[in-house]
Structures are given as C-alpha cells and as structure tokens.
Amino acid sequence: MDIDLNKTKTVSVDVSPSLRAYILAVNNGSDIIRPNRESRLWGLIKMHLVTIPEDYKPQPIDGAPNCIRVAIYTTKRQEYNRNARRVIYQNGLFRDYLAPAGQRVVADYLTRHLKHTFRSYMGGALGGNSELSIHDAIHQFCQLYNIDMDTITYEMLRKDWFRFRRRNPNGYVIPIENKDF
C-alpha cells in the first residue's frame, strides 16, 4: 500500500531494533503503519494524542532508525466514548503528537504482537517437525522476520518460549491475528 506522506500525518513511536525489524518484515518494508479505524492500535493512539510540545524536533521525512511511524486520521467525526459515557468530538488537526507515555503504550502493544507471532511460529515449527531443535527454530524465526541476533538475544527468546510452554502445558498456541497493519 502506497502512503503519500504529503497527505498523511504520522506520529513517531520509539521502538526496540528487533520490534522495528519485525514491523518492517510484516509491513512490506515500510516503517509506516496505517491502522484500521476500528482497531485497538488506533484506539490506543487516539487516547494518547496530545498537542505538539514547544521543544519538539520533527523526525526526518524518511523516518529514524529507532522509530516507526503510525499514520493518524484527521477526522472531525463524532464518536461515542464508552468510558466517558458521552459523544466526543475527535479533531486530529492539532492533536498530532504522542507523548512518551503514549509511545510506551503503543510499543508495548506492538511487542505483544511480536511475542504472539513468535509463540505461534514456535508452536507450529516444533509441533510439525520433531527433528527441529528449539535453537534452530528460534534462528529460523529471526531469519524469517529479518531480526538481527545482535538486537535480540537467543536466550531471551528461549526463556520466553519455555515460560510460555510452562504456562500452557496442553500446547495451546495463540493464533496470529493482526488487524492493525
């Protein structure tokens, strides 16, 4: 999907290098995520949008190596907010910056998607091939999603897999379902 940056506003989110590599791999090489209006990601971003602070330095047009960008909608549509129990008026004209707390929330949400993908991959790879070792499956996952082993450690992924298997001894694997990008 081609995104015209002249017509689309984006917000930057600081992420880890491994998460950025994963986003690039699943998003056709683009660091710009265009969330669906009904997705949780858009809901999280919309909750944390604020006005631009005075000390803000804009990112380069082609992005930064430690950031991803998320396209935001400039809408004047009225939406019902269940928590506030009222109709709110969302105007994206001035609220186009994610504060550091909002960036952490979005990065944590995307990290959970990375972990779900990893666990599903490991469950499928190890469940369907008894000759494949955990070590080889982890390396294949990193190679498939272009994650450099310098940015994520083998031990971290191995421990995550063992903890997941301990919590889910019946072999339940979380299905990959990403409606955000």
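Only the coordinates and a few stated rules stand behind these numbers; no lab work does. None of the values given here were measured: they were computed from a predicted structure.
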Per q in 0.23 1/Å, what log10 I(q)/I(0) does a Debye calculation on the alpha-carbon atoms of the range 109-167 return? -0.98
Could you list which residues have their amide H under 5 Å from that of residue 32, counting only those 5 or more apart in sequence or on another chain, with H placed in the peptide plane? 69
Could you work out how much longer the chain between residue 57 and residue 132 gets when fully extended? Use 0.36 nm per residue separation minus the Cα distance between them, nm to one decimal. 22.2 nm
